[in-house]
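In what follows, a structure is listed as structure tokens, so that the remarks can point back to it.
Just so it is clear, none of the values below were taken in a lab; they were calculated from the coordinates. Keep in mind it's a predicted model, so treat the numbers as computed, not measured. Ideal geometry is used to build each Cβ from the backbone, glycine not excepted, and the neighbour counts take in all protein chains shown.
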Amino acid sequence: TLKDASGNNSVAMSTVSNGTPKAFCHFNQQTPAITTSFNTSSLTDSGTGYGKVNWTNAMSNANYSTTTGNMNVNAIGGSEYSTCLADDNPYVARTASAWSFKSIYAGTSASAEFDSATAICSALGDLA
């Protein structure tokens, strides 16, 4: 059991362990390079907007959850747009040891894959 500083509130260690990301990666797709990470062995560049984050210690299966985000203010000039870092399915299957992604933007006048200067992902699930 884990308690807060006052000793009044507690939570089971299994809740803490199960709710903690087992890996994360903050990276630059343009370089490509890992900025900072945990349980990440490398980053694979598969072309403009596509890549793979390789985990040091594999997840127990390919059904783990990922949280993601990316940003690139120069993606399509001054147009309004949104960006998304997402699974590259159905083209590349997610595995227990790697997460394949695509980075896309959608704007008022265009949409396409792009290399983000700042991207993040985390993996939640059980380690093998």
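Can you give the convex hull volume per residue for the Cα atoms of the stretch 1-52, as a whole number of Å³?
Enclosed volume per residue, from the Cα hull, is 105 Å³.
At a temperature of 37 °C and a viscosity of 0.692 mPa s, determine how fast the chain diffuses translationally according to Stokes-Einstein, using the Kirkwood radius over alpha-carbon pairs as Rh; express D in µm²/s, rounded to the nearest whole number.
Stokes-Einstein gives a translational diffusion coefficient of 207 µm²/s.
Could you compute the net charge surrounding LYS102? Neighbours are other residues with a C-beta less than 15 Å from the C-beta of LYS102; K and R count +1, D and E count -1.
Its environment carries a net charge of -3.
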